[in-house]
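Engineer: After the structure tokens below, expect a handful of questions from me.
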Amino acid sequence: MENKAKKVLLITTGGTIASKKDRESGQVQSGVISGYNLAALIPSWKDFSCKVVDLFQLPSGHLTMLHLREIAQTIKAAFQEGCCHGVVLTHGTDTLEETAYFLDLVLHGCGPVVLTGSQLPPEEIASDALRNLEDSFKVVLSEESQDKGVLVVFNGKIYAASEVIKVHTSNLDAFAAPGWGPIGYLDEKEVIFKRVVNKRVKLALGKNQRKPKVYIISFALGMDGYLIDKALEAGAEGLVLEGFGRGQIPPEAVEQVETAVNKGIPVVLTTRCYEGSVKGVYDYRGSAAQLEKIGVIMGEDLPKQKARIKLILALANNMSFKEINELF
């Protein structure tokens with residue numbers, strides 16, 4: 001693509017959007033299509049040129065925090081050098097929401113950044129790969145996308161990174177923002193935003209590459225605190241608890257939670273419900289109210305996987321318990 005008015009950086013990391021199906025086994029081979037081959041799928045429009053960075057060719061479940069740091073650093077460098085108007089990042093859908101949220105926390109003062117992927121490989125007849133890729137370029141090129149934070153574009157809808165989650169394993173309409181909805185959508189070539197997200201958090205990426213150990217403990221009926229004990233034995237520096245409803249956990253696990261808090265380990269409470277926030281409205285052992293009294297941090301409406309990303313970054317920045325509490 002020749003150099004034209006607006007320059008878009010396409011960063012590829014693998015995933016289904018870069019995959020092919022093995023004809024013999026019928027299994028999908030993730031990340032085998034290069035970023036340059038993906039770029040070749042995009043129509044040659046008159047108002048932009050495209051540069052490709054083929055960063056990784058991995059299933060998104062294989063990515064680590066070090067990979068996310070490299071993605072963030074690549075994007076930061078591109079904007080600092082002034083070599084692009086915006087960035088489209090292709091990514092496997094399994095952990096796309098975590099990468100999107102991580103980038104939303106650490107990218108400050110950058111141009112539009114859009115993440116997308118697909119549920120079907122590009123060569124499939126009904127594949128969503130080309131549409132999602134084209135839509136993402138339309139959103140990045142839209143002046144309305146400035147200062148909206150990191151965005152996720154999927155199935156004709158635009159989501160805020162802080163709100164979006166994957167809600168279906170295989171459907172093409174795989175992403176949603178329960179309780180919020182998309183912030184915009186695409187109508188043919190038109191990019192339409194209906195609202196903005198005002199409550200954005202900014203954290204430093206940091207220069208060190210420390211990888212704090214933060215474990216997620218999801219509770220179900222009748223569970224005890226065994227998994228918390230094991231997490232502490234493994235050297236956990238932080239814990240994210242996924243409780244019921246308003247944030248309750250079984251009473252049999254409270255003792256282990258107290259042990260973690262008394263060791264100075266930040267413990268963040270989330271809910272397994274798709275909508276609503278954790279809040280101390282009940283008064284019994286294991287309730288959010290009693291957990292908050294012993295020092296557990298309320299994770300508000302963040303799902304467990306995003307609360308973990310936020311806590312990892314806070315710990316990597318050596319924030320105090322008070323600062324982490326205020327952050328959440």
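The values are calculated or read from the model by the stated rules, or taken from the named source; none is laboratory data. What you see is a predicted model, and the numbers here were worked out from it, not measured in a lab. Positions of Cβ are backbone-derived with ideal geometry, glycine not excepted, and every protein chain shown enters the neighbour counts.
Engineer: Given the conditions (1) polar (S, T, N, Q); (2) modelled with pLDDT of 85 or more; (3) in contact with a Pro (Cβ under 8 Å, 6 or more places away or on another chain), which single one is not true for SER30?
Structural biologist: (2)
Engineer: Could you tell me how many of the residues in segment 236-248 are touching a Ser or Thr at 6+ places or on another chain (Cβ under 9 Å) and assigned to a strand (DSSP E or B)? It would help to see each step written out before you state the result.
Structural biologist: The first filter runs over segment 236-248 and keeps only residues touching a Ser or Thr at 6+ places or on another chain (Cβ under 9 Å), leaving 240-248.
Within this subset, residues satisfying the condition of being assigned to a strand (DSSP E or B) are 240-244, 248.
Here the count works out to 6.
Engineer: Answer yes or no as to whether LEU58 is in the same structural domain as TYR185 (by TED's automatic domain parsing), buried (at least 21 other Cβ atoms within 10 Å of the Cβ) and not hydroxyl-bearing (Ser, Thr, Tyr). Don't jump to the end; show me each part of the working.
Structural biologist: Values: in the same structural domain as TYR185 (by TED's automatic domain parsing): yes; buried (at least 21 other Cβ atoms within 10 Å of the Cβ): no; not hydroxyl-bearing (Ser, Thr, Tyr): yes.
For LEU58, the condition - in the same structural domain as TYR185 (by TED's automatic domain parsing), buried (at least 21 other Cβ atoms within 10 Å of the Cβ) and not hydroxyl-bearing (Ser, Thr, Tyr) - is not met.
Engineer: List the residue pairs whose Cβ atoms are under 6 Å apart, where the first residue sits in segment 165-183 and is more than 17 Å from CYS273 (Cβ to Cβ) and not assigned by TED's automatic domain parsing to the domain that holds GLN305, the second is of a type in the set (Gly, Ala, Ser) and assigned to a loop (DSSP other than H, G, I, E, B), and the two are 6 or more positions apart or on different chains.
Structural biologist: HIS168/ALA174
Engineer: In this structure, does GLU300 turn out to be part of a helix (DSSP H, G or I), assigned by TED's automatic domain parsing to the domain that holds ALA236 and acidic (Asp, Glu)?
Structural biologist: Values: part of a helix (DSSP H, G or I): no; assigned by TED's automatic domain parsing to the domain that holds ALA236: yes; acidic (Asp, Glu): yes.
Answer is no for this residue.
Yes/no matrix, rows are residues, columns are (1) crowded, with 16+ Cβ neighbours inside 10 Å; (2) under 30 Å from VAL257 (Cβ atoms):
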| position | (1), (2) |
| --- | --- |
| GLY181 | no, no |
| GLY184 | yes, no |
| GLU188 | no, no |
| VAL191 | yes, no |
| VAL197 | yes, no |
| ALA204 | no, yes |
| VAL214 | yes, yes |
| ILE217 | yes, yes |
| LEU221 | no, yes |
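Engineer: Look at segment 111-148 and say how many of its residues are under 16 Å from ILE192 (Cβ atoms), surrounded by fewer than 24 Cβ atoms within 10 Å (Cβ to Cβ) and of a type in the set (S, T, N, Q).
Structural biologist: 3
Engineer: Same structure, new question: Report whether or not LEU41 is out of contact with any His (no Cβ under 8 Å at 6 or more places or on another chain), closer than 21 Å to PHE154 by Cα and at pLDDT 90 or above.
Structural biologist: Values: out of contact with any His (no Cβ under 8 Å at 6 or more places or on another chain): yes; closer than 21 Å to PHE154 by Cα: yes; at pLDDT 90 or above: no.
In short, no.
Engineer: Considering segment 283-306 alone, what residues qualify as being in contact with a helix residue (DSSP H, G or I) (Cβ under 7 Å, 6 or more places away or on another chain), closer than 11 Å to GLN248 by Cβ and of a type in the set (Gly, Ala, Ser)?
Structural biologist: Residue satisfying the conditions is GLY286 alone.
Engineer: Among the residues of segment 108-144, write down those that are within 16 Å of PHE79 (Cβ to Cβ) and either at pLDDT below 95 or over 21 Å from the mean Cα position of the chain (by Cα) (or both).
Structural biologist: HIS108, GLY109, CYS110, GLY111, LEU141
Engineer: Mind checking which residues of segment 85-104 are in contact with a Lys or Arg (Cβ under 9 Å, 6 or more places away or on another chain) and either β-branched (Val, Ile, Thr) or farther than 15 Å from VAL150 by Cβ (or both)?
Structural biologist: Within segment 85-104, HIS85, THR93, ASP94, THR95 qualify.
Engineer: Select from segment 193-225 the residues that are under 18 Å from SER162 (Cβ atoms) and more than 19 Å from the chain's Cα centre (by Cα) and list them in ascending order.
Structural biologist: Scanning segment 193-225 gives PHE193, LYS194, ARG195.
Engineer: I'd like to check something: does segment 74-90 contain any residue that is more than 27 Å from ALA5 (Cβ to Cβ) and either assigned to a strand (DSSP E or B) or assigned by TED's automatic domain parsing to the domain that holds SER136 (or both)?
Structural biologist: Here is the first cut: in segment 74-90, the residues more than 27 Å from ALA5 (Cβ to Cβ) are none.
Within segment 74-90, not a single residue is more than 27 Å from ALA5 (Cβ to Cβ) and either assigned to a strand (DSSP E or B) or assigned by TED's automatic domain parsing to the domain that holds SER136 (or both).
Engineer: Just give me the residues in segment 141-164 being in a loop (DSSP other than H, G, I, E, B), among the hydroxyl-bearing types (Ser, Thr, Tyr) and free of Cβ contacts under 8 Å to residues at least 60 places away in the same chain, in sequence order.
Structural biologist: Our first condition is that a residue be in a loop (DSSP other than H, G, I, E, B); within segment 141-164, this holds for 142, 146-150, 155-156, 161-164.
Okay, now just the ones that are also among the hydroxyl-bearing types (Ser, Thr, Tyr), so 142, 162.
Hit for segment 141-164 is SER142, nothing else.
Engineer: Please specify each residue of segment 249-278 satisfying the condition of being in contact with a strand residue (DSSP E or B) (Cβ under 7 Å, 6 or more places away or on another chain), under 27 Å from ASN318 (Cα atoms) and in a loop (DSSP other than H, G, I, E, B). Before the answer, list the steps.
Structural biologist: Looking only at segment 249-278, we keep the residues that are in contact with a strand residue (DSSP E or B) (Cβ under 7 Å, 6 or more places away or on another chain), and these are 249, 257, 260-261, 265-272, 278.
Those left that are additionally under 27 Å from ASN318 (Cα atoms): 257, 260-261, 265-271, 278.
Hits for segment 249-278 are ILE265, PRO266, VAL278.
Engineer: Further question on the same structure: Only one residue in LEU68, LEU41 is closer than 26 Å to PRO212 by Cα and either touching a residue at least 60 places away in the same chain (Cβ under 8 Å) or not in a strand (DSSP E or B) (or both). Which one? Please lay out each step first, then the result.
Structural biologist: Numbers: LEU41 fails: closer than 26 Å to PRO212 by Cα.
Step by step, each of LEU68, LEU41 is checked, and only LEU68 is closer than 26 Å to PRO212 by Cα and either touching a residue at least 60 places away in the same chain (Cβ under 8 Å) or not in a strand (DSSP E or B) (or both).
Engineer: Of LYS202, LYS230, which residue is closer than 30 Å to ASN317 by Cα and outside the structural domain of GLY245 (by TED's automatic domain parsing)?
Structural biologist: Numbers: LYS230 fails: outside the structural domain of GLY245 (by TED's automatic domain parsing).
Of LYS202, LYS230, the one residue that is closer than 30 Å to ASN317 by Cα and outside the structural domain of GLY245 (by TED's automatic domain parsing) is LYS202.
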